[in-house]
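Worksheet for the structure shown next.
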Ligand SMILES: NC(=O)c1ccc[n+]([C@@H]2O[C@H](COP(=O)([O-])OP(=O)(O)OC[C@H]3O[C@@H](n4cnc5c(N)ncnc54)[C@H](OP(=O)(O)O)[C@@H]3O)[C@@H](O)[C@H]2O)c1
């Protein structure tokens with residue numbers, strides 16, 4: 001067994017990554033290069049941005065750009081074959097490119113729905129399928145034998161519904177399930193498939209939230225680490241999941257969120273026994289206080305309520321499977337408005 005630092009080395013590997021012109025993807029690409037990997041970048045056609053390529057080359061690694069629109073299934077068709085036929089032996093795939101569109105669900109336009117699903121889910125599948133097929137043909141390397149790693153970028157919205165982001169939530173929920181499905185299929189073949197679920201990260205994607213002072217403050221209030229995440233917060237996670245350090249890890253969705261997801265699910269731990277019973281005044285009061293926390297935004301209130309209900313269901317505490325009982329519990333939402 002190699003020494004522990006050797007386990008994290010990506011020397012001699014090649015990573016294929018989408019969405020690395022900026023934000024989280026750029027930090028991931030540079031981390032992979034710092035750990036020793038050459039990098040193949042998939043960028044939007046017409047993008048003249050060579051910042052990431054130049055930074056990788058400064059680290060002494062090779063960087064090659066292929067142009068393809070992640071929103072175009074035509075552009076995706078045959079792309080992996082073209083890359084591998086050019087001699088790039090892909091060891092690591094990172095599906096990071098993504099977009100966000102925000103509208104209330106009842107006004108969500110078809111075009112935005114289709115675009116988000118295409119970029120954030122369909123393309124993730126197409127690239128994973130084609131890279132997976134390529135990896136299955138390669139001879140396993142090392143001991144224990146290994147063929148490669150696939151890492152998808154999910155979201156905390158993979159676990160909950162968010163607000164005004166139905167397409168994004170549907171796509172990222174799909175990314176989490178796809179990750180598990182591919183892991184079931186390929187872990188036995190020496191291909192690890194995992195995902196990283198970022199919390200609230202300071203990138204262009206969140207410009208609207210960051211510029212809304214009230215919203216940004218209420219989000220910050222909920223993050224146990226006391227700050228928004230930065231793209232560099234993902235460097236350790238990506239090298240871990242791309243390296244032999246995680247050889248026995250597959251099908252996982254690693255939250256990198258300053259403790260936010262755990263904090264959300266732990267809210268329900270503060271619910272006293274019997275909180276869902278109509279006669280439980282304490283439970284109702286606590287739920288009210290959770291939902292009406294000062295400065296909590298709509299998403300926070302919804303999140304607290306749904307997390308409480310969901311977690312209670314998981315724990316099977318005081319929420320019976322009978323629909324009448326569940327209906328009564330759900331009607332709590334009205335009683336606290
Ligand atoms: N930021 C967060 O708080 C957060 C939270 C959870 C999950 N995530 C996920 O993390 C990933 C990265 O997010 P980010 O915040 O770093 O986003 P970002 O700063 O907006 O960067 C998005 C990246 O995706 C690329 N991209 C988008 N559409 C593309 C297309 N049609 N063709 C080619 N490239 C395209 C962009 O390329 P261009 O520069 O050419 O536009 C850019 O490189 C996404 O999957 C996102 O859903 C982010």
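Quick rundown of the values:
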item	result
Mean separation of Cα contacts under 8 Å (6+ apart) over length of the range 1-79, as relative contact order %	26
Residues 106, 111, sorted so that the one with the fewest Cβ neighbours within 10 Å comes first	106, 111
nm² value of the averaged projected area, convex hull over the Cα atoms of the range 4-258	13.8
Taking 110, 89 and counting other C-beta atoms within 10 Å, the order from fewest to most	110, 89
Shape call, the range 200-240: gyration tensor on alpha carbons, a/c limit 1.5	oblate
62, 172 arranged by Cβ crowding within 10 Å, fewest neighbours leading	62, 172
Relative contact order (%) - the range 31-173, alpha-carbon pairs under 8 angstrom, separation at least six	23
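Computed from the coordinates by the stated procedures, all read-outs in this text should not be read as laboratory data. Bear in mind that the values here come from a model prediction, so they are computed numbers and not experimental data. As a convention, Cβ positions derive from the backbone with ideal geometry for all residues, glycine included, and neighbour counts pool all protein chains shown.
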